[in-house]
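Enquirer: Quick one: this structure, given as structure tokens, is what I'll be asking you about.
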Amino acid sequence: MDEERKDWIQGLLTDGVREGVYPGAVLLVAQGGGIAIFEEVGNRSLSPQAASMTRGTIFDLASLTKPLSTTLAIMKLIDEGEIDLDQTLESLLSRDMPKDKRILTPRLLLNHCAGFVDWKPFYLELERLEVENRKESLRELLLNMPLVYRPGDETLYSDLGFMILEWVIEERAGMSLPEYLEKYFYAPLLLKNTFFSTSVPHAGFMEDQFAATEDCPWRKKIVSGYVHDENAYALGGYSGHAGLFGTAEDVYALVNLLRGHYHGERGDYLKRETVREFFTRQDLVKGSTWALGWDTPSPEGSSSGKYFSANSVGHLGFTGTSVWMDLDRDIIVIFLTNRVHPTRNNEKIKAFRPRIHDLVMEELGKAIQK
């Protein structure tokens with residue numbers, strides 16, 4: 001892409017700062033396995049003093065944890081024959097199951113149609129317990145809380161299903177979610193800036209490497225270097241739904257890995273058919289856009305804008321992060337922001353995301369035609 005077109009995109013990114021969409025952002029766009037755009041704008045933090053954003057800023061990826069860690073681990077376990085997408089929780093977890101949870105499967109959980117409510121403030125109850133007892137207590141709560149609809153009948157985006165999936169991974173892998181991902185993906189890929197949060201700023205990194213998130217009313221301070229999500233924080237820093245940190249470049253390494261397997265360019269980490277299955281819209285519930293751990297574009301009002309093909313997958317993160325990948329056009333857009341800094345009550349990102357995606361796709365199209 002030529003410099004003039006990059007200037008248009010940089011201009012819109014700067015508009016995002018001026019319009020108060022976010023203090024700062026990093027945008028990485030790739031096409032055909034090569035990076036076409038890599039830009040940063042604004043500040044990684046505003047308080048206690050302003051600090052500039054860099055391409056190497058480490059972000060709290062929030063719910064990008066779901067596709068880039070939990071879903072990735074499930075893919076690997078399927079390839080290894082440790083689990084099956086349609087295996088029941090009763091057969092996957094070594095404990096007695098309440099009747100309504102016995103029939104739940106990884107496919108239902110990954111597709112957000114397992115019957116769980118979207119979110120609950122578990123942290124308010126968990127903070128009264130010793131940290132080492134909190135995850136077990138949460139799992140008891142998850143098993144015993146009533147489902148809000150019959151599994152497979154509706155779709156409701158839910159953190160709770162991915163908390164259950166983390167448990168499945170632990171049981172079937174014989175190690176924690178971070179240990180499993182580090183062993184099979186993050187370490188072999190040499191991802192130096194991708195890691196799971198703890199309840200304190202991560203050892204080995206300086207605070208000025210992180211994008212700050214919220215001035216948290218619960219924790220009574222600006223969160224930087226450890227997870228923003230309160231439930232993940234109460235659980236020691238991470239769970240199956242949140243807690244992954246990384247840079248735009250590391251996120252690209254993971255997404256490009258999946259892209260390469262999808263297109264059959266490589267087969268070293270996963271089976272091609274597994275990646276293709278996970279990237280396929282499941283249609284378990286009429287009108288649902290969900291694939292397995294990944295979303296696909298909505299017919300109208302998609303955060304991906306109006307140009308991504310139907311054969312695209314993506315995901316959003318609450319802190320202001322997102323990934324979209326057009327599998328037909330072979331385009332990846334990684335857009336990381338700190339829109340919750342200093343407050344989560346800023347929702348301008350919802351209208352801005354389609355604007356940046358549309359401009360990127362328009363300018364890439366012009367570059368190709370030229």
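Enquirer: Does segment 238-277 hold any residues that are under 29 Å from residue 122 (Cα atoms) and part of a helix (DSSP H, G or I), and which are they?
Expert: 251
Enquirer: In this structure, does residue 55 turn out to be assigned to a loop (DSSP other than H, G, I, E, B), of a type outside the set (A, V, I, L, M, F, W, C) and touching a residue at least 60 places away in the same chain (Cβ under 8 Å)?
Expert: Answer is yes for this residue.
Enquirer: Can I ask one more? Condition (residue is buried (at least 23 other Cβ atoms within 10 Å of the Cβ) and closer than 25 Å to residue 44 by Cβ) applied to segment 255-278: is it met by at least one residue?
Expert: For segment 255-278, residues buried (at least 23 other Cβ atoms within 10 Å of the Cβ) and closer than 25 Å to residue 44 by Cβ: present.
Enquirer: Out of all the residues in segment 2-38, which are of a type in the set (A, V, I, L, M, F, W, C) and more than 20 Å from residue 354 (Cβ to Cβ)?
Expert: Correct list: 35, 38.
Enquirer: Here is a further query. Tell me, yes or no, whether segment 266-274 has at least one residue that is of a type in the set (Val, Ile, Thr) and assigned by TED's automatic domain parsing to the domain that holds residue 225.
Expert: no
Enquirer: For residue 213, only one of the following conditions fails: (1) in a helix (DSSP H, G or I); (2) over 22 Å from residue 169 (Cα atoms); (3) polar (S, T, N, Q). What is its number?
Expert: If we test residue 213 against (1) in a helix (DSSP H, G or I); (2) over 22 Å from residue 169 (Cα atoms); (3) polar (S, T, N, Q), just (1) comes out false.
Enquirer: Do you know which residues across segment 157-200 are within 20 Å of the chain's Cα centre (by Cα), part of a loop (DSSP other than H, G, I, E, B) and within 26 Å of residue 120 (Cα to Cα)?
Expert: Listed by number, the residues that qualify are 157, 158, 176, 197, 198, 199.
Enquirer: Residues in segment 6-56 that are among the acidic types (Asp, Glu) and in contact with a Ser or Thr (Cβ under 7 Å, 6 or more places away or on another chain): how many?
Expert: Residues flagged as among the acidic types (Asp, Glu) and in contact with a Ser or Thr (Cβ under 7 Å, 6 or more places away or on another chain) within segment 6-56 amount to 1.
The values are calculated or read from the model by the stated rules, or taken from the named source; none is laboratory data. None of the values given here were measured: they were computed from a predicted structure. Because the Cβ atoms are built from the backbone with ideal geometry, glycine has one as well, and the counts that use them run over all protein chains shown.
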